[in-house]
Amino acid sequence: MSSNLSAVTIANDTSAVSRDNGITGDGDRPELVYRSDCLTTPFLRPSGRYAHLTVKSIRGVFKTPLNSVWSTVGPKICELIKAWGINWSSIDPARFFTHGPPGEEELGSLGPIVIWVGVISNSTSSDTAHDVSQEIFKLLHDHGVKDAVVEWREAILQRLAGLPLMHHVGNINATHHVRRFLTPLHGVPLATKWMEEEDVQGTLTLCDRMFGVSNCHVLRKNTTVEYEYKGGAPRDYVRVCGTRRFQRDLDEITKAIDDHGISANFWAREIIRLEAKGGDWSDITLHRNIGYVQYAAPITVDVAGGTKYTSDWGAFLVAKAKVEDQFEGNVVDLGSKYSIPDLTTMFYSRGSGTTTFEYPEGRKLRIMGCAPKEDLANPTEIDSEGQPCLSVGKDGNTTGLTFGQYAGLVSFALNEVGIPSVELGIYNIGVKTLDAFSAKGDSGSLAWHIKNGEAFIIGQLHSGSNKGGFTSNHVQYCTPGWYLLLQIKKEFKYADFYRTTWRD
């Protein structure tokens, strides 16, 4: 097969594939540039009276020939693409599951290993992608990986960037959902005084008794230099919610009251009670302050240490008077977005076995520790296709509580200064029904997974790959939890992220 013939055929097929045969689960399917198996597995356009549009979902890569050699092959693919002068953004290992038609779900099938290459829009031709793919195939074959596919897509990397806080309350309290943004549990939306005018917002990653942690790019505008607060300098206050997010939640409260007008007498009493407390938050500028930025390391890629992980974190000193009485440690409020059965299914999203997860008392899921590398490489979950998988959850400022799946192998992302980094990739899950795992404003969210009924840290969310603008992410990237905690301990050696009370 000649390079030109293949490229021309694929170019003619690209529009149909990207429009009708892309990944589902969100409304912004990536634009296909090239796929190496286009001739052997052509796109079959729906036909007939009851034509069915093929639906695909992304899966992670576990227990394949690629897993044992990816730490060697992955960086070499990065170098190969760089040598061609290609304007790339990310390289992700993936597999795609093609769902069977409605009523014939058993006909679904899991595809081969895919090296999923993201490039900047209109920067790479299908001919070039084809030629580079041949070199990638040779590299894979030399390392014992056969029957893989290389797909190229357009994608850019984007940063997902008072009085005491309220107590968490149980389900019987009518305000349990609308007050979540004002409680000191995970998912707290953050904005700093000096970044608020630019509408930069993010999410709390972790907290101990004294400090809260989020991304550096959430807490600081200049992310290239180290920052440490010195006594006497102006304080860059950290606020719960930016102005836009605060107004959104106030609107949500108003809508909740309107939607329950049928219980007029009940809500009348609640309105009186809420209005009595509303004065506590009337000074939006002052009372949203919950601390000030104490330290922010510059955003770096660990080239010297050899891990090439992204370091994008900062810490703010917590205002004791606002948090002490409500402090419960690192806890995720599972909220009311999902029912208990649906939520349990999310944790074991495609498995058919017995779950060990028990819905926690008061909806509070406690973070018990940090998942080691071995747990990510060898998950115990099995999906409905009999394949290993690792489900991941997070509670973020923008998208709230969502679920995804770890990619199985690390991804490679090219940052804005041209340095490739190693990331934990997380894919969206579900068929048409689930939102993307993250969006802008979710930076700093803690990604976690469930093992033996308990939650463990996967990593800190900092960016995602999408078509650009305000389109949905197809992949989201995390700094590994074990690496993040090590960096924090270098600055704050007594940090304790597993305490349960302020005074213990």
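Got a sec? Which residues in the range 134-151 would a label at D37 touch, if it sits 7 Å along Cα→Cβ and we count backbone N under 13 Å? Label zone hits: 146-151.
Across the alpha-carbon atoms of the range 374-473, the computed radius of gyration and Dmax are 13.8, 41 angstrom. If R0 is 60 Å, the Cβ-Cβ spacing of K364 and D142 corresponds to a FRET efficiency of close to 0.75.
Measuring between alpha carbons in the structure, the pairs from K337/K489; K63/K440; K320/K490 lying more than 28 angstrom apart are K337/K489; K63/K440. With all protein chains in place and a 1.4 Å probe, the accessible surface of the range 358-477 carries 52 percent carbon and sulfur.
In this structure the range 51-154 gives 42 Å² per residue of accessible area when probed at 1.4 Å with all protein chains present. A Förster radius of 25 Å combined with the Cβ-Cβ distance from T224 to S123 puts the calculated FRET efficiency at roughly 0.50.
The share of accessible area on the range 57-124 that comes from carbon and sulfur is 52 percent, using a 1.4 angstrom probe. For K337 and W482, the FRET efficiency from 1/(1 + (r/R0)^6), where r spans their Cβ atoms and R0 equals 25 Å, is about 0.30. The phi torsions of the range 385-400, fed into the Karplus equation with coefficients 6.51, -1.76 and 1.60 and a -60° offset, translate into couplings of 8, x, 9, x, 8, 9, 7, 10, x, 7, 10, x, 4, 8, 9, x Hz, rounded to whole numbers, with Gly and Pro shown as x.
The values are calculated or read from the model by the stated rules, or taken from the named source; none is laboratory data. Bear in mind the structure is a predicted one, so any value in this text is a computation, not a measurement. Here the Cβ is made from the backbone with ideal geometry for all residues, glycine too, and neighbour counts use every protein chain on show. Keep in mind that these areas ignore ligands, DNA and RNA; they rest on the heavy atoms of the full protein, side chains included. Shrake-Rupley method; radii C 1.70, N 1.55, O 1.52, S 1.80 Å.
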